[in-house]
Amino acid sequence: MLEIRFHGRGGQGTVVATILLAKAFFQDGYYVQSFPLFGVERRGAPVEAYLRVDRGKILVRTNVYTPDHVVVLDPTLLEGVNIAFGLKPGGWILLNTHSTPSYLEAFRGYQVGLVDATRIALEYGLGTRTQPIVNTAVMGGLARVLGMPTVDAISKAIRDEVSSRPEANIKAAEKAHAEVTLLGLIDDRSNTSWRRSNLEDT
Amino acid sequence: MQQVLEGSHAVSEAVRLARVQVISAYPITPQTHIMERLSEYCADGNMGARFLRVESEHSALAALIGASTSGVRTFTATSSQGLALMHELLHWASGARLPIVMAEVNRAMAPGWNIWADQTDSLAQRDTGWIQLYCEEGQEVLDTTIQSYRLAESVNLPVMVILDAFFLSHTFEPVDVPEQESVDRFLPPYQPKFQLDPENPCAFNQLAPPDVYMEMRYNIQSAMDYALDRFEEVEEEYFSIFGRRYQAVEPVQCEDAEIILVTSGTVTSTSRQVLADLRARGEKVGLLKVKLFRPFPVSLIRRLVSPASKVAVIDRNFSFGASGIFAQEVRAALCNLPGHPPVFGYVAGLGGRDVTTAIIEDIYWRTKNAGIPEQESFWVGISEVSHAIGHC
């Protein structure tokens with residue numbers, strides 16, 4: 001079973017991202033379960049949501065404590081939330097960011113992927129300039145990192161479920177899928193400064 | 001067709017398929033998504049129901065009591081404080097023998113203010129004469145809601161379909177949503193046995209003096225007894241069309257079990273995983289899921305747990321001054337059975353605290369390593385607390 005934890009802020013579409021991904025994985029033949037760690041959060045507050053994917057029926061109905069992968073929709077969360085908490089060694093951390101963060105050292109032992117979902121969302125006019133809706137771009141990035149679900153399944157999930165500008169959202173997901181930077185495993189040999197300049201060029 | 005559906009929307013789909021005619025509700029988290037979807041269905045013409053927005057939960061049920069008395073199929077949903085506010089009318093609905101169906105999303109009672117999963121709200125209404133059905137997954141929620149109309153209308157008692165806050169109400173998972181034609185075959189239009197009728201005017205629920213009141217109560221209990229049998233028949237008929245059934249009490253690997261865990265709601269689902277893991281390590285553990293809580297299936301439970309050497313009940317609820325409520329009921333069911341296994345009571349997951357696989361496994365080992373229960377209730381995973389405030 002695959003367990004993925006999503007960190008975002010209220011209003012970014014974090015919970016919707018897990019639902020759409022659940023539908024996309026289901027479309028690709030997997031059994032799925034997604035749910036938010038529900039608080040009384042409002043717009044801007046940190047939110048957490050989970051996605052479980054398996055070949056067979058999922059019985060466990062608890063929060064996710066030892067995720068296989070972690071997705072961060074807002075990099076400012078890294079200042080207040082231990083996003084790697086419980087993450088399995090070698091698991092992916094997908095960050096929505098426009099530059100390689102200076103704190104990659106903290107993610108030693110994990111694999112890191114970077115996607116500039118905010119820029120992509122703005123490019124396709126998703127949300128507003130101050131409140132871009134980054135979830136569909138992040139979904140595209142995650143699909144590339146994991147090698148699943150298929151872009152077709154993501155497009156279908158968006159088309160079926162997103163009432164506001166589904167085609168622009170699909171394009172954002174496709175662009176993020178193509179653009180995501182896979183830094184891979186962060187270890188002693190990782191030259192993070194080189195990676196940073198490399199990313200800024202793209 | 002199978003689709004990825006939220007637990008709350010599994011209820012909404014079932015209510016749409018049941019062709020409910022009057023819906024009344026007052027918003028409260030975490031029930032809200034059920035009513036949001038139904039109000040959309042009523043607004044866009046996908047459902048022909050009359051949707052009543054009222055000023056309180058008390059009024060929500062009062063409106064349905066009126067509607068149901070006029071002979072139509074009705075639905076409401078609530079949680080926690082909202083259910084508590086309905087208390088007076090819960091008695092009225094069952095006393096008036098109205099087949100109202102309600103979805104109850106288990107949420108903790110305040111204060112402290114808490115919107116998360118806890119069964120104390122619905123279990124505090126156990127003496128109101130409502131049939132209570134506890135569900136563990138989205139598919140079961142959908143199927144149970146449809147079945148509830150058949151059950152309610154055949155025994156003339158109201159039914160509460162109960163699901164855990166968030167762990168079920170806000171969880172998306174694959175659910176098979178049946179075709180309308182199949183549901184119509186299972187659930188024909190409501191034929192009231194009595195109703196308000198201008199052509200045949202009469203009054204309902206008048207003064208019932210001592211010479212008739214007791215018989216009226218006895219009738220309600222007879223209907224509850226009948227509901228035990230009817231539940232099985234309804235399930236059988238549902239199975240013949242849809243291929244799914246759940247049982248009032250579902251035993252999982254109980255035949256050779258030395259310790260049987262008794263669970264309800266979503267804790268059951270997680271316990272199934274723990275059971276599989278423990279069995280793989282050679283532990284003789286069984287699981288008994290209690291779905292039907294009212295009427296309480298006493299003889300079934302006696303028969304299913306009596307071969308075990310110990311019973312461990314997990315309660316996500318508590319009756320202050322007593323114990324977990326499922327544990328009370330299981331103890332009461334067993335007490336007249338000579339040589340029955342000891343019943344260990346565990347309280348876990350109050351106010352939405354997670355009941356993890358580790359907690360359930362810990363409950364198993366505690367039970368295995370104990371001789372007899374040393375206390376009525378063991379509170380699992382609780383921090384040190386002082387009772388001093390009680391003495392202020």
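Only the coordinates and a few stated rules stand behind these numbers; no lab work does. This structure is a prediction, so every number in the text was calculated from the model and none was measured. Note that we place each Cβ from the backbone using ideal geometry, even for glycine, and neighbour counts take in every protein chain shown.
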Compare B:ASP197, B:ASP362, B:ASP164 in a GNM of chain B, Cα atoms joined below 10 Å, and give the one with the largest fluctuation. B:ASP197
Magnitude of the Cβ-charge dipole of the range B:89-215, K/R +1 and D/E -1, about the Cα centre, nearest 20 debye? 400 debye
Among B:TRP379, B:TRP92, B:TRP365, which comes first, then next, by fewest other beta-carbon atoms within 10 Å? B:TRP365, B:TRP379, B:TRP92
Using only alpha carbon pairs under 8 Å that are at least six residues apart, calculate the relative contact order of chain A and give it in whole percent. 22 percent
Looking at chain A, what % of the alpha carbon pairs are farther apart than 31 Å? 12 percent
Using a Gaussian network model of chain B with C-alpha springs under 10 Å, which one of B:GLU153, B:GLU36, B:GLU55 is most mobile by mean-square fluctuation? B:GLU55
Considering the options B:GLN147, B:PHE204, A:LEU122, tell which one lies farthest towards the positive end of the dipole of the protein assembly as shown, charges being +1 on Lys and Arg and -1 on Asp and Glu at the Cβ, about the Cα centre. A:LEU122
GNM on chain B, Cα springs under 10 Å; top mean-square fluctuation among B:PHE204, B:PHE296, B:PHE231 goes to B:PHE204
How big is the charge dipole of chain B about its Cα centre, in debye rounded to the nearest 20, if each Lys and Arg gets +1 on its Cβ and each Asp and Glu gets -1 on its Cβ? 460 debye
How do B:HIS170, B:HIS33, B:HIS58 rank when sorted from fewest to most other Cβ atoms within 10 Å of their own Cβ? B:HIS58, B:HIS33, B:HIS170
Of B:ASP256, B:ASP121, how do they rank once you tally other Cβ atoms within 10 Å and put the fewest first? B:ASP256, B:ASP121
Using DSSP to call loops (not H, G, I, E or B), can you name the GluC sites (Glu not before Pro) in the range B:303-392 whose Cβ has at most 10 other Cβ atoms within 10 angstrom? B:GLU374, B:GLU384
Below 8 Å, C-alpha to C-alpha, sequence gap of six or more: please give me the relative contact order for chain B in percent. 16 percent
Report D for the range B:1-148 in µm² per second (integer): Stokes-Einstein, Kirkwood Rh on Cα pairs, 25 °C, 0.890 mPa s. 161 µm²/s
With r defined as the distance between the Cβ atoms of B:GLU36 and B:GLN206 and R0 fixed at 22 Å, what FRET efficiency is calculated, to the nearest 0.05? 0.05
What pairs in A:LYS88/B:LYS368; A:LYS156/B:LYS289; A:LYS57/B:LYS289; A:LYS88/A:LYS171; A:LYS156/B:LYS291; A:LYS23/B:LYS284 have C-alpha atoms more than 28 Å from each other? A:LYS88/B:LYS368; A:LYS156/B:LYS289; A:LYS88/A:LYS171; A:LYS156/B:LYS291; A:LYS23/B:LYS284
About its Cα centre, chain A carries a charge dipole, from +1 on Lys and Arg Cβ atoms and -1 on Asp and Glu Cβ atoms, whose size in debye to the nearest 20 is 360 debye
Identify, among A:ALA176, B:TYR226, B:MET86, the residue whose Cα sits farthest towards the positive end of the charge dipole of the protein assembly as shown, taking +1 on the Cβ of Lys and Arg and -1 on the Cβ of Asp and Glu, with the dipole about the Cα centre. A:ALA176
Which of the trypsin sites (Lys or Arg not before Pro) found in the range A:36-69 are loop residues per DSSP with 10 or fewer other Cβ atoms within 10 Å of their Cβ? A:ARG42, A:ARG43, A:ARG55
Name the residue from B:PRO174, B:GLY339, B:THR357 whose Cα lies farthest towards the positive end of the charge dipole of the protein assembly as shown, charges +1 on Cβ of Lys and Arg and -1 on Cβ of Asp and Glu. B:THR357
Tell me what chain B gives for mean residue ellipticity at 222 nm when only DSSP H runs of n ≥ 4 count, each as -39,500 (n - 2.57), the sum divided by the residue total, rounded to 500 deg cm²/dmol. -12500 deg cm²/dmol
